[in-house]
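The values are calculated or read from the model by the stated rules, or taken from the named source; none is laboratory data. The model shown is predicted, which means the values in this text are computed figures rather than measured ones. Don't worry about glycine lacking a Cβ; one is built from the backbone with ideal geometry, like all the others, and counts go over all protein chains shown. Surface areas here come from the heavy atoms of the whole protein model, side chains and all, with no ligands, DNA or RNA. Shrake-Rupley method; radii C 1.70, N 1.55, O 1.52, S 1.80 Å.
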Amino acid sequence: MRLIEKVIPPSSGRHTGTVIFFHGSGDTGNNLVEWIRFLLGKDMDFPHLKIIFPTAPVQPYTPLGGQNSNVWFDRRSISIDAKESRSSLAAIYETVQEILKREIGEGISPHRIIVGGFSMGGALALHTGYHLFLNQQQLGGIFACSSFLNRTSIVYESLSTASSDTKLPKLLMFHGDRDTLVPLKWGETTFQELRNSGVSGDFITLKNTLHELKKRQILQLCDWIQEIVPENENKPANSDDNIKTKL
């Protein structure tokens, strides 16, 4: 399945890394670009990175009573305690694989690819980095904004079978302390479970923030992305000391 994509090319014209940013349920890639542009007063761009904002396919979404919506996968309900709709997830995995393989085919090393998203898009990013691509060449990093995984997620199953020498992508999670759609506790629980499974990274609680993106959050994210995938390809990525966990 080929998705509609909004692409922001590297400002220098030299493409040495890629960021894939998945939107939340009911949204589009183009709307996410406009949202970030409104917050920053400009596009989110980098000299050396291509940013891809795909749009999810239109499909029935159970939490909306089965109405069609732009969603990455179906959910039985918006709850951390619900079971995953694994058949629905499997359908989008193939599409995500196509995007990743295309970038790798253009000469981009997997460790210079970052996958992330907002809300449902963040959950898809977690599935991508810690399940779908776990036993392949490792991605550079994963970020998730206002997101969660179900308690019995297939992601945790995959991580439990990973060998001790598997290099897992770095993780950055953001979550608003006033989020009523996806409670902060769900994000914290997800982060802790991933950390218990061997993932290293940072969780940042955003004060006075609902289920939304904030300017300061995008700026921090941009700094993290450049640490993970620096413009100088020979510079080792080291983000451990730059962003502190705030639980």
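Remarks
- Under Karplus coefficients 6.51, -1.76 and 1.60, residue-wise ³J(HN,Hα) of segment 204-213 in Hz, glycine/proline x: 10, 8, 9, 6, 6, 10, 8, 7, 7, 9
- Among K170, K50, K42, the largest mean-square fluctuation in a Gaussian network model of the chain, built with springs joining Cα atoms closer than 10 Å, belongs to K42.
- Mean Cβ count within 10 Å, highest first, over the residues of peptides 68-74, 140-146: 140-146, 68-74
- Across the chain, C-alpha contacts under 8 Å between residues 6 or more apart give a mean separation that, scaled by the residue count, equals a relative contact order of 17 percent.
- Dividing the mean sequence gap of close Cα pairs (under 8 Å, 6+ apart) by how many residues segment 1-122 holds gives a relative contact order of 35 percent.
- A cut-off of 5 Å between modelled amide H atoms, ignoring neighbours fewer than 5 places along the same chain, links D179 with L184.
- Surface analysis of segment 5-228 yields an accessible area of 40 Å² per residue, using protein heavy atoms and a 1.4 Å probe.
- GNM result for the chain, Cα springs below 10 Å: residue of L159, L64, L49 fluctuating most strongly: L64
- Around Y130: net Lys/Arg minus Asp/Glu count, Cβ-Cβ under 11 Å: -2
- Across the accessible surface of the chain, with the other protein chains kept in place and a 1.4 Å probe, carbon and sulfur atoms take up 48 percent.
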